[in-house]
2 protein chains.
Amino acid sequence: MAEHTAPTAAVLLIGDEILSGRTKDRNLGYIADYMTALGIDLKEARVVADDESEIADAVNALRSKYTYVFTTGGIGPTHDDITADSVARAFGVTIDHDPRAVEILKAWYAEIGREVTPARMRMARIPEGAELIENPISKAPGIHIGNVFVMAGIPKVMHAMLDAVAPKLQKGAPVLSRSVSANIGEGDIGGPLKEIQERFPEVTIGSYPFEVRSGFGSNIVVRSRDKRALDVAFADVEAMIEDLRKAGKETT
Amino acid sequence: MAEHTAPTAAVLLIGDEILSGRTKDRNLGYIADYMTALGIDLKEARVVADDESEIADAVNALRSKYTYVFTTGGIGPTHDDITADSVARAFGVTIDHDPRAVEILKAWYAEIGREVTPARMRMARIPEGAELIENPISKAPGIHIGNVFVMAGIPKVMHAMLDAVAPKLQKGAPVLSRSVSANIGEGDIGGPLKEIQERFPEVTIGSYPFEVRSGFGSNIVVRSRDKRALDVAFADVEAMIEDLRKAGKETT
């Protein structure tokens, strides 16, 4: 079945600022949507601080478990940008100024009239054996090593890097989904919904509550790579909701 | 030094819907702010799918490493709500309907005129030896077992549970922070900022870029539990920025 052979992915968000609450992450949701569109199953995400051994440990745990790992954050020019070094450590390789990256950055700073500082040249430090990920926004490249893609934390730059990376990725069959919303609480839906889930192992049924005036309603989402199974299971969900409405379970 | 004895925490967000992109998480940022206000160092976060062994493994990895673990999601009445069972498995204890929780739920459903369904009673299943976390919004309790706090995924309910939990937590000295924004790129700031960081190991200096019309500016954040060190280091950061302005590094 296609589902079992779909590529998998993990996201690693790097940065003290997310854990202190200063920055509210928007990258995970973006990458999640992107992976879903490519048919790649995002299985796990982690957030770690700017700490070389924490980053390296997380990279190694995730890269051994999933098809792809996408990191964001920590590849800028300041002292707290230690992702490239941490990834080199995770792979047990050296890191140094990469002639390809040096050339890209020098040309860019000449064009925009910025001084080539040692801090800016930090962004040309690339682990041995890695490929560069193109950054059309601010030029400092991302890093592709093994099955790990190291991207910027700035959303606009990360989006461009993900676009650059996407053609290299193995795609899965797209996950199809159908959803329905009802002003019926999960406590009434839970029993019959469980029976539908058990009858259709080829689909994944999720239930997500929302508030209504006098209680909660439910969004039911049915997902599958198998369109026929999806449609049949979804018809059962719709019939179940109709039955519960007739039984007076709808709230307002 | 107070910094070394501060309690630590991790967050575990549970749910397929976050990894598929359907739901954009808002709980991590809220808990991060909350921990910062309590002087508790949030060190790591993870997002895992609705999978019992993945949840149990993550709970065990995190609870052995940090003072506290806070989970959100998966404690509702539907078949995909498996957090309570997964936490019982992580702790190697049984799980069953808890008389205290059953009583709370029965009284509540009698009050609001809802049927007591088996699905609703799923929310009274509590691991052996756990305490309940009060839920003033929708009554179904959270779970406190060992150093793990199991909370709802619905933000409003999670917020109320965190308020109920907070008095039980060991607090740390608050982390103080001062920040300054400059229309100067990190490539110009990076060198002198690194020197300041090296002179003041008692503070943590972060630099976060933002876009301006013709490039990037930088937000510099200095954090410390030591007010004197914070003020002295911050004065150096301000002086550094003034020097860079005088040197014509400001962009527009």
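Nothing in this text is a laboratory measurement; each read-out follows from the coordinates by a stated rule. All of these numbers come straight from a predicted model, not from anything done at the bench. Virtual Cβ from ideal backbone geometry, glycine too; neighbours counted across all protein chains shown.
Would you order A:ILE137, B:ILE104 from fewest to most other beta-carbon atoms within 10 Å of each residue's own beta-carbon?
Exposure proxy ranking, most exposed first: A:ILE137, B:ILE104.
Which residues' amide hydrogens lie under 5 Å from the amide hydrogen of B:TYR68, considering only partners 5 or more residues apart or on another chain, with H built in the peptide plane?
Placed amide hydrogens put B:THR8, B:ALA9, B:ALA10 under 5 Å from B:TYR68.
Relative contact order (percent) for segment B:2-168, with alpha-carbon contacts under 8 angstrom and 6 or more residues of separation?
In percent, rounded to a whole number, it is 22.
Tally Lys/Arg at +1 and Asp/Glu at -1 over every other residue whose Cβ is under 12 Å from the Cβ of B:ILE184; what's the total?
-2
Near B:VAL116, within a Cβ-to-Cβ distance under 13 Å, what is the net charge of the other residues, with Lys and Arg +1 and Asp and Glu -1?
Here the charged neighbours net out to +1.
What is the fewest-to-most order of A:ARG223, B:ARG213 by other Cβ atoms lying within 10 Å of their Cβ?
Neighbour counts put them in this order, fewest first: B:ARG213, A:ARG223.
How would you rank A:VAL47, A:VAL87, B:VAL232, going from fewest to most other Cβ atoms within 10 Å of each one's own Cβ?
Ordered from fewest to most neighbouring Cβ atoms within 10 Å, A:VAL47, A:VAL87, B:VAL232 come out as B:VAL232, A:VAL47, A:VAL87.
From the backbone phi of segment A:167-174, what are the Karplus-calculated ³J(HN,Hα) couplings (6.51 cos²θ - 1.76 cosθ + 1.60, θ = phi - 60°) in whole Hz, Gly and Pro given as x?
So the J values, rounded to whole Hz, are x, 7, 8, 6, 9, x, 4, x.
Quick check on the protein assembly as shown: helices-only [θ] at 222 nm, where DSSP H runs of length 4 and up contribute -39,500 (n - 2.57) each and the sum goes over total residues. Nearest 500, please.
-12500 deg cm²/dmol
Give me a single rounded figure for A:206-216: the average over its residues of other chain Cβ atoms within 10 Å of their Cβ.
5
What whole number of Å gives the distance from the Cα centroid of segment A:213-252 to the Cα centroid of segment A:92-145?
52
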